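The values are calculated or read from the model by the stated rules, or taken from the named source; none is laboratory data. Everything quoted here is computed from the prediction, not taken from an experiment. Glycine also receives a Cβ, built like all others from the backbone with ideal geometry; neighbour counts cover every protein chain displayed.
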Ligand code: PMP
């Protein structure tokens, strides 16, 4: 696809030097495609342009945002604005701490038990096993405590959320953890699960936070990596109810310790300043778009359009039960793995990239985060129809 040519150069020093002096560019290089990647994922174009405009000098600082101290007045003001916008978008009450942390969502899979469970050998935590990311979280939790499985979707190959009538809780469990949207399996909770009273509900919303309004007060802790709906990889959001602070086990690393991070406004060590800045721009974009209620309407419409065409054409198969389908990650199969591979290439030729399913599931996956424009979905619908006509 890339039609440039690198001329031979004996000793290139910098990538930029090669790029400018020897790379023949043409229009193909500048064409932006519809990127259905599950993450890092597509960003709003307005955000990309704003980042470009902020280089090489940001806010009159004589340097770019990547080159200033995190403790400078300008960056501290940015951090305060990002938190304020985050609180405004999600309507986060004062008694929740908003933390920007390192380590990705996987880091949080260890952070949650380390911060919330007592340091006793028989500590128990409740976990829903509804997909690949649930399994990863459970493995991490087992390093710290006993895990009680509330319900497992394994028997259905994670094609549904198990019936609430089958759920069982370890009542003495320190908390109950669930993955709101299983990015790989394409299965999602449509509403937060009901848990025993006083049991903090903890959720990994890596691929669904900021895609819809939520009732924060239902949760004790919400975690999410940034590289889907809130920016780029390198920063992780943790929203923690204040009464759950001050419980961390002594061996908890400082940078994963909610209490210590809260006390230092997430600046205990040098934070990932550039991802933090990008998250701020994404929040500004979300507010300009009309907030989460508006975004949720768009997301519902986008997903409905795709599921409708997949269900309508006999050619494709969606494994997830309609009532439990993800609005963010649409998982489906062609009649054979060979056709799956052909569809990936067919779509790419028509400007729709990164639709291959995860290696654990095979098939195809369309990730429809907030920044995926309606035009991308419309193009994909056409691609699906044409492909089914030609190969069906
Ligand atoms: N949880 C979910 C639901 C995810 O989708 C992902 C990443 N795709 C992760 C956790 C892991 O995130 P990270 O790579 O930032 O650790």
Task: The lone exception for residue 240 - which of (1) within 16 Å of the ligand (Cβ to nearest atom); (2) buried (at least 23 other Cβ atoms within 10 Å of the Cβ) it fails - done: (1)
Open item on the list: Kindly evaluate residue 136 against the criterion of being within 26 Å of residue 242 (Cα to Cα), touching a residue at least 24 places away in the same chain (Cβ under 8 Å) and within 12 Å of the ligand (Cβ to nearest atom).
Closed with: no
Task: region 146-181, residues that are farther than 26 Å from residue 369 by Cα, touching a helix residue (DSSP H, G or I) at 6+ places or on another chain (Cβ under 9 Å) and assigned to a loop (DSSP other than H, G, I, E, B) - done: 174, 175
Task: Counted residues, region 182-232 - those being part of a strand (DSSP E or B) and either within 11 Å of the ligand (Cβ to nearest atom) or surrounded by 24 or more Cβ atoms within 10 Å (Cβ to Cβ) (or both) - done: 11
Task: The one condition in (1) under 22 Å from the mean Cα position of the chain (by Cα); (2) part of a helix (DSSP H, G or I); (3) buried (at least 18 other Cβ atoms within 10 Å of the Cβ); (4) away from the ligand (no atom under 11 Å from the Cβ) that residue 99 fails to fulfil - done: (2)
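Working only within region 301-317, note down all residues that are closer than 18 Å to residue 185 by Cα and free of Cβ contacts under 8 Å to residues at least 60 places away in the same chain. First the steps, then the outcome.
First pass over region 301-317, keeping only residues closer than 18 Å to residue 185 by Cα: 303-304, 306-307, 310-311, 316-317.
Result: 304, 307, 311, 317.
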TODO: For residues that are within 16 Å of the ligand (Cβ to nearest atom) and either in contact with a strand residue (DSSP E or B) (Cβ under 6 Å, 6 or more places away or on another chain) or at pLDDT below 95 (or both), tally how many sit in region 139-181.
DONE: 7
